[in-house]
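The values are calculated or read from the model by the stated rules, or taken from the named source; none is laboratory data. Please read these numbers as outputs of a predicted model, since none were measured by experiment. Counting neighbours? That spans all protein chains shown, and the Cβs are built from the backbone with ideal geometry, glycine included.
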């Protein structure tokens with residue numbers, strides 16, 4: 001596959017890390033994919049080169065004005081040794097949604113999906129085999145004009161780097177405690193909340209640190225206008241099962257990232273005949289449902305964890321336990337089905353999987 | 001002064017650009033200031049080195065999660081050849097306000113003001129002499145851990161780069177046309193609007209481009225909650241003179257950057273006995289004042305332009321002209337006084353100037 005792209009081989013391959021202590025995002029493979037954009041010329045020179053430092057002028061725009069976007073997905077090794085990708089075209093389509101908001105020129109979805117396959121194939125011996133491990137794929141775009149002034153850049157770099165990552169749940173899937181954030185705001189209508197852009201993550205750090213200091217894993221973000229409607233949990237989308245119905249916040253206001261695991265979860269639930277509703281849902285409604293003993297499950301969805309069950313919420317020091325702090329049946333079923341499809345153990349009825 | 005810092009001299013100095021066509025932020029001097037932060041060790045190794053590319057691992061956190069801040073100020077050459085700085089300690093104090101919000105460890109204000117003086121002295125022959133030109137100073141901090149995961153970095157780089165810049169008003173100070181933004185939002189209470197961080201600027205690009213396509217220089221930002229209260233104009237603070245009183249939006253909600261030119265303008269006006277009020281002010285109030293013929297002047301304040309008079313506003317296609325589209329008396333007086341102090345032509349009664 002990588003025959004389509006110019007390849008410069010790394011003649012000094014690194015020693016691979018122990019698959020039992022990979023952690024997340026700390027090790028990188030031997031190669032990376034690079035493509036440049038120049039105003040008037042478009043995206044050009046797609047290529048695979050040895051993984052290594054990039055030289056940036058200190059005035060490079062991304063360092064000052066943050067015009068950048070990124071994506072995250074994984075490659076999984078099946079028991080038969082096949083390398084599988086989960087809906088990579090969705091990530092590349094989302095690149096263009098992010099690009100449009102950040103004034104970055106669009107990329108070619110087909111070409112960049114091919115690029116993902118080519119770079120993963122190139123470093124296929126880096127896809128780990130130990131249970132629940134995978135190869136994390138990070139496509140990203142940075143603005144590269146060496147210029148100090150607020151305007152869109154005329155040049156960009158699209159890159160893909162790869163990182164072997166460990167099991168998210170080495171001790172089995174486990175619910176987390178979540179702090180409902182009343183002070184800080186992640187995004188608001190009219191802002192960049194629906195784009196996967198660095199500034200959204202920078203803005204979230206302080207709330208995350210304060211929640212962790214209080215003993216919570218992450219925050220549940222409320223809307224920026226009324227601090228009432230639920231948006232996301234940490235960097236994940238969020239779902240609640242109330243009285244048999246699954247509810248997740250609507251993407252309509254543009255303040256929430258449209259997750260690919262979110263979309264897959266909705267599709268899966270509907271396939272199973274579970275009622276799923278995308279709508280605004282307030283934190284009061286969650287607490288009321290709990291009081292009425294109708295709040296059955298709550299969980300986050302994202303690429304890293306797939307499903308992250310929520311066992312406890314703290315909203316203004318009112319603490320509620322969800323499903324006795326245990327992982328719900330439906331949460332577990334979604335987790336097992338999606339990870340099963342990803343690793344080629346469960347039949348893919350949806351056309352989600354692409355083989356490298 | 002730079003004796004305090006280790007200096008590696010650039011033995012290949014560049015040719016200096018023509019002072020008549022400097023523009024803004026395109027040329028950089030022969031040296032830069034660098035200082036590193038390592039968790040457990042603090043800020044260390046302050047040094048002056050030749051200006052040049054920095055080598056960054058493609059996984060460097062700033063490129064993915066945007067944990068970064070910056071500042072902007074200028075060095076001015078007086079008729080006697082002295083090099084003057086305008087309130088540099090205010091910029092370095094603001095670094096720490098931004099750092100606190102972005103979970104970046106604080107810097108030493110005194111040390112970094114000394115660093116500014118040292119690097120400007122080192123490249124003092126780059127401070128241009130032509131009228132209204134200056135040397136733009138860009139201190140900035142980037143997070144440098146090569147790590148993919150949302151948390152504060154353990155390592156950072158603080159840098160100062162310098163760029164000789166041309167006159168902002170080569171043809172004399174001139175009012176601009178401003179589009180009142182009803183769709184996009186710059187910042188909201190609980191967000192990072194008061195911090196000088198890349199994400200705020202990335203988020204502003206799209207509105208700016210759309211306003212320019214409609215023939216406007218910049219946008220006037222309204223609050224994210226009600227789209228009613230005035231926040232900033234482009235990347236500047238904004239002032240209105242109504243019936244003899246000068247009004248500027250309050251910083252209380254944390255969605256507005258506390259500008260140093262803003263603060264200096266308020267101080268100057270009060271010194272002159274002009275009534276200045278910092279409060280919420282709605283766009284309706286501005287339009288009503290215009291209808292009552294009481295809207296006398298409007299202007300933006302910022303480091304680049306100092307004062308940018310507003311000659312026209314377009315809010316929902318209702319267009320009003322301010323002061324017949326001409327620069328107001330007070331706007332001109334503030335501009336002349338502040339620039340006069342900056343270039344050493346007007347007596348500095350406020351202790352704003354520091355000589356390099």
Check off (1) modelled with pLDDT of 95 or more; (2) touching a helix residue (DSSP H, G or I) at 6+ places or on another chain (Cβ under 8 Å) for residue A:132 and give me the number that stays unchecked.
(1)
Is it the case, given these coordinates, that residue B:138 is assigned to a strand (DSSP E or B), within 9 Å of chain A (Cβ to nearest Cβ), at pLDDT 95 or above and farther than 28 Å from residue A:24 by Cα?
yes
What do you reckon, is residue B:244 outside the structural domain of residue B:97 (by TED's automatic domain parsing), closer than 29 Å to residue B:74 by Cβ, touching a residue at least 24 places away in the same chain (Cβ under 8 Å) and surrounded by fewer than 17 Cβ atoms within 10 Å (Cβ to Cβ)?
no
Would you kindly identify the strands (runs of 3 or more DSSP E) lying entirely within the range B:238-326 that contain at least 1 residues that are closer than 30 Å to residue B:138 by Cα and in contact with a helix residue (DSSP H, G or I) (Cβ under 9 Å, 6 or more places away or on another chain)?
B:245-248, B:276-278, B:295-302, B:306-315
From the set of residues in the range A:47-86 that are more than 27 Å from residue A:263 (Cα to Cα) and in a strand (DSSP E or B), which is nearest to the other protein chains (Cβ to nearest Cβ)?
A:55
Are any residues in the range B:11-46 away from every other protein chain (no Cβ under 14 Å) and without any contact (Cβ under 8 Å) to a residue 60 or more places away in the chain, and if so, which ones?
B:11, B:12, B:13, B:15, B:18, B:40, B:41, B:44, B:45
Checking the condition within 30 Å of residue A:345 (Cα to Cα) and surrounded by fewer than 17 Cβ atoms within 10 Å (Cβ to Cβ), which residue from A:329, A:291, A:317 passes?
A:329
I'd like the residue in the range A:152-180 that is in a loop (DSSP other than H, G, I, E, B) and surrounded by 18 or more Cβ atoms within 10 Å (Cβ to Cβ) and, out of all such residues, is nearest to the other protein chains (Cβ to nearest Cβ).
A:152
Name the residue that is nearest to the chain's Cα centre (by Cα), counting only residues in the range A:228-245 that are more than 14 Å from every other protein chain (Cβ to nearest Cβ) and within 19 Å of residue A:211 (Cα to Cα).
A:237
Could you tell me how many of the residues in the range A:190-207 are in contact (Cβ under 8 Å) with a residue 12 or more places away in the chain, surrounded by fewer than 24 Cβ atoms within 10 Å (Cβ to Cβ) and within 7 Å of another protein chain (Cβ to nearest Cβ)?
3
Checking the structure you have, find out if any residue of the range B:103-115 is over 30 Å from residue A:207 (Cβ atoms), more than 17 Å from the chain's Cα centre (by Cα) and crowded, with 24+ Cβ neighbours inside 10 Å.
yes
Tell me which of these residue B:5 doesn't satisfy, since it passes every other one: (1) over 16 Å from residue A:146 (Cα atoms); (2) touching a strand residue (DSSP E or B) at 6+ places or on another chain (Cβ under 7 Å); (3) at the interface with chain A (Cβ under 7 Å from one of its Cβ atoms).
(3)
Unmet requirement for residue B:301, which otherwise passes all of (1) farther than 23 Å from residue B:188 by Cβ; (2) in contact with a strand residue (DSSP E or B) (Cβ under 6 Å, 6 or more places away or on another chain); (3) in contact (Cβ under 8 Å) with a residue 24 or more places away in the chain
(1)
Out of the range A:215-234, which residues are out of contact with any strand residue (DSSP E or B) (no Cβ under 6 Å at 6 or more places or on another chain), surrounded by fewer than 23 Cβ atoms within 10 Å (Cβ to Cβ) and more than 21 Å from residue A:291 (Cα to Cα)?
A:215, A:225, A:226
Only one residue in A:143, A:134 is in contact (Cβ under 8 Å) with a residue 12 or more places away in the chain, within 17 Å of residue A:43 (Cβ to Cβ) and surrounded by 22 or more Cβ atoms within 10 Å (Cβ to Cβ), so which one is that?
A:143
Among the residues of the range B:208-227, which ones are closer than 20 Å to residue B:287 by Cβ and under 19 Å from the mean Cα position of the chain (by Cα)?
B:217, B:218, B:219, B:220, B:221
Output yes when any residue across the range A:333-340 is on the phi > 0 side of the Ramachandran plot, over 20 Å from the mean Cα position of the chain (by Cα) and assigned by TED's automatic domain parsing to the domain that holds residue A:216, and no when none is.
no
Just to be sure, is residue A:199 under 16 Å from the mean Cα position of the chain (by Cα), at pLDDT 95 or above and in a loop (DSSP other than H, G, I, E, B)?
no
